[in-house]
Number of protein chains: 2
Amino acid sequence: MTRPTMADVAARAGVSRALVSLVMRGSPKVSAQRRQAVLRAAEELGYSPHAMARSLASRTSTLLGVMVSDLHNAFFAEVVDGLEEVASDRGFELIINTGGRRAARERRAVASLLSFRPAGLALLGPVVAASVIADAAGSTPVVLVARSCRLSTVDSINDDGRVGSGLAVNHLVRLGHSRIVHFDGGSGSQAAQRRRGYVAAMRAHGLEPVVLHSEYTDTAGARTVARLLERFDPLPTAIVAANDVNAIGAISALDAVGLRVPGDISVIGYDNTSLSALAHIGLTTIDQPRHDMGRLAAEALLQRVRHGRTAPVHHLLRPTLVERASTAAPPGRPARGRRQGGAG
Amino acid sequence: MTRPTMADVAARAGVSRALVSLVMRGSPKVSAQRRQAVLRAAEELGYSPHAMARSLASRTSTLLGVMVSDLHNAFFAEVVDGLEEVASDRGFELIINTGGRRAARERRAVASLLSFRPAGLALLGPVVAASVIADAAGSTPVVLVARSCRLSTVDSINDDGRVGSGLAVNHLVRLGHSRIVHFDGGSGSQAAQRRRGYVAAMRAHGLEPVVLHSEYTDTAGARTVARLLERFDPLPTAIVAANDVNAIGAISALDAVGLRVPGDISVIGYDNTSLSALAHIGLTTIDQPRHDMGRLAAEALLQRVRHGRTAPVHHLLRPTLVERASTAAPPGRPARGRRQGGAG
DNA sequence: GTGAAAGCGCTAACAG
DNA sequence: CTGTTAGCGCTTTCAC
């Protein structure tokens with residue numbers, strides 16, 4: 001159960017401990033012969049350097065702390081995936097925590113990560129006060145994902161919700177729509193930006209924005225459709241939904257009253273969850289580059305660690321439109337050649 | 001950027017370093033007065049113990065290594081969530097890796113985790129050879145999740161796919177079905193067990209099992225329905241699908257030819273993904289206790305670490321049936337009181 | 001190139 | 001209860 005140490009390897013190879021250390025770190029100043037001997041001894045003993053001892057002695061760390069507000073959430077899981085990819089690529093490991101979107105727990109989680117003196121710290125969707133973030137940034141590089149906070153000492157990676165909604169509107173306008181409504185995400189995260197993006201894009205096209213209050217759930221999407229049916233005549237020809245599940249709820253409610261998507265009304269989601277890719281659903285939606293966000297977060301950290309960057313970077317990523325089968329030209333108007341609609 | 005050490009705290013509080021150490025570890029043999037003084041000094045300096053140094057000196061670890069075959073997968077993300085919950089509850093942190101289902105990468109990932117000398121190691125859905133697992137188990141407690149491997153030195157947590165399919169069949173039989181077919185998951189993970197469970201349960205009821213080859217995708221579900229329509233007359237009254245997405249594909253294909261679910265045919269999924277809970281879909285399905293699997297994995301590790309357990313434990317968890325709207329009595333036969341069907 | 005010595009920040013006996 | 005003395009396993013000068 002107790003693993004061999006450097007001394008064991010040195011003894012076995014008949015060299016000093018320092019030599020073993022040099023070999024383990026791949027130093028060029030070791031004769032090929034001795035290097036072989038050391039490597040063989042290590043191999044035979046099943047030796048591998050003790051990362052913590054190394055870290056303590058060298059005053060460096062290969063640990064990146066990650067505080068995830070909610071791992072359960074597919075969004076963050078993918079961000080972590082991206083983080084992990086570049087981290088492991090560069091020889092770093094992730095030490096992960098969750099904060100459950102509660103400030104007190106997040107504070108403890110951050111403190112716990114900091115106790116390992118990580119090389120950097122990524123905070124994914126944190127809700128803690130900016131002061132806590134600033135504090136942490138005092139002892140290690142910090143990058144924020146899905147949380148903006150323009151402290152001069154921390155980096156941040158966000159996607160641009162305004163751009164995303166704008167893409168949705170532009171796509172619909174290009175298809176020939178003009179009566180386009182937005183089901184918003186209420187007070188949910190990013191909802192305000194998506195709403196603003198929608199309004200701005202509509203105005204830019206000289207169209208009248210209509211925002212219906214909704215939420216990030218399928219039942220809310222369905223309820224909002226009910227309100228739509230009650231109050232609007234003529235009905236709009238397109239809906240920019242709060243997110244994918246909201247869109248699914250809307251589509252099923254439309255379906256229930258005999259309105260076809262996209263034949264009678266086009267619907268566009270947001271998030272490009274795995275849900276939207278199901279052939280049965282074929283939801284046109286806006287994709288956030290989650291994986292890239294994770295990669296960029298890791299890179300931001302590593303730049304500070306390895307290249308000593310000190311000026312903050314704030315990435316605002318462009319979401320992209322993923323066109324599937326839930327959008328088409330409005331009824332009575334021929335499609336302008338981009339696609340035919342019709343579920344897969 | 002360089003954080004205060006124990007010596008700084010000791011100096012500031014006017015005591016010895018040893019005393020600070022005792023206070024930090026919550027030893028009872030310190031006068032309340034001095035404890036206060038130390039705590040205050042620590043607070044003022046923003047001191048918190050260096051976890052790695054502590055670990056090195058005490059020859060103990062508060063790190064649990066986790067090798068995830070694929071974080072992208074919602075199944076594992078939830079298992080990690082469960083692990084994290086009990087780990088952080090007991091003062092442990094998770095250090096996470098992914099292996100991408102490739103043996104070579106997984107081997108490196110495991111080695112990297114081991115270099116931190118974690119208190120335990122959880123392998124989620126690993127594909128590495130048993131020898132690698134046995135090796136790892138030689139230096140730290142190991143628990144396997146979603147991978148059985150009856151080494152006498154490692155624990156394992158799996159769900160019982162046979163039981164799950166059995167639950168599905170029993171549920172349908174109870175509703176009055178007798179022509180029940182299974183769309184299987186081909187060579188996918190767990191598919192064989194689910195198939196066996198289906199066959200065994202059918203036989204137990206004196207019914208003829210019919211397995212149609214399929215896959216864990218929605219398009220495969222739809223294709224398999226097409227085959228069903230071609231070859232079976234009369235049609236079966238119920239389908240035990242390979243998993244949730246397969247079920248969704250099947251339902252949409254049935255829908256396309258005018259067959260109602262559950263009016264004409266009942267469909268039951270497997271996995272209870274967030275998908276199935278959408279009101280629009282309302283899929284009756286089998287739930288695997290993913291979160292509990294994570295909790296149990298962490299607990300298995302901690303039992304070995306803290307209570308010195310040495311005999312292996314192998315948990316085989318019972319999945320449960322989640323009844324929603326995609327199953328009902330077969331056509332022409334009154335429901336036997338359990339539920340009415342009809343989408344939410 | 002190579003070995004000896006001095007820590008990294010902390011814990012763990014052990015005497016006072 | 002408190003301070004002293006050794007390390008944990010490794011890296012890092014710094015002479016040889």
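Here, each number is a calculation from the coordinates, and none is a lab measurement. Please read these numbers as outputs of a predicted model, since none were measured by experiment. Every residue, glycine as well, gets a Cβ built from its backbone with ideal geometry; the counts of neighbours run over all protein chains shown.
For the stretch A:204-338, the Kirkwood hydrodynamic radius comes to 16.8 Å, computed from all pairs of different C-alpha atoms. Dividing the Cα radius of gyration of the stretch A:213-253 by its Kirkwood radius returns 0.94 for Rg/Rh. Taking one equal scatterer on every alpha-carbon of the protein assembly as shown, how large is log10 of I(q)/I(0) by Debye at q = 0.09, 0.12 1/Å? Summing over Cα pairs of the protein assembly as shown leads to -0.89, -1.31. Peptide A:274-284 has a mean shielding of 5, counted as Cβ atoms of other protein chains within 10 Å of each residue's Cβ.
For each of B:Thr320, B:Thr60, B:Thr285, count neighbouring Cβ atoms within 10 Å of the residue's Cβ, then give the residues from fewest to most. Write out the running numbers ahead of the final one.
On the way: B:Thr320 15, B:Thr60 11, B:Thr285 31.
Starting with the residue having the fewest Cβ neighbours, the order is B:Thr60, B:Thr320, B:Thr285.
Computed from the C-beta positions of A:Glu323 and A:Ala134, the FRET efficiency with R₀ = 51 Å rounds to 0.75. Do you know the relative contact order of the stretch B:20-137, to the nearest whole percent, from alpha carbon pairs under 8 angstrom that are 6+ apart? Answer for the stretch B:20-137 is 28 percent. Mean separation of Cα pairs under 8 Å and 6 or more residues apart, divided by the residue count, gives chain B a relative contact order of 16 percent. Counting only other chain Cβ atoms within 10 Å of each residue's Cβ, the peptide B:73-83 averages 3. Fewest-first ordering of A:His291, A:His307 by other beta carbons within 10 Å of each residue's beta carbon gives A:His307, A:His291.
Evaluate Rg over Rh across the stretch A:6-49, taking Cα atoms for both radii and Kirkwood's formula for Rh. Intermediate results must be reported in sequence, preceding the final value.
Working: Rg = 8.8 Å, Rh = 9.8 Å.
With Rg and the Kirkwood Rh in hand, the quotient comes to 0.90.
Indicate the gyration tensor shape class of chain A (rounded, prolate or oblate), computed on the Cα atoms with a ≥ b ≥ c the square roots of the eigenvalues: a/c under 1.5 is rounded; otherwise a/b larger than b/c is prolate and the rest oblate. Judged from the Cα gyration tensor, chain A comes out prolate (a/c at least 1.5, a/b above b/c). Charge tally for B:Arg306 (other residues, Cβ to Cβ under 11 Å; Lys, Arg +1; Asp, Glu -1): +2.
List the relative contact order of the stretch B:161-288 as a percent without decimals, with contacts defined as Cα pairs under 8 Å and 6+ residues apart.
On the way: 247 pairs, mean separation 30.9, N = 128.
Across the stretch B:161-288, relative contact order equals 24 percent.
Ranking of A:Val30, A:Val245 by neighbouring Cβ atoms within 10 Å, starting from the fewest: A:Val30, A:Val245. Averaged over the residues of A:104-116, the number of partner chain Cβ atoms lying within 10 Å of the residue Cβ comes to 3.
Among complete DSSP H helices in chain A, those whose alpha-carbon atoms stretch at least 15 Å along the helix's long axis and whose mean Kyte-Doolittle hydropathy reaches 0.0 are A:74-89, A:103-114, A:161-175, A:244-256.
When the Gaussian network model of chain B links Cα atoms closer than 10 Å, the mean-square fluctuations of B:Ala37, B:Ala311, B:Ala87 top out at B:Ala37.
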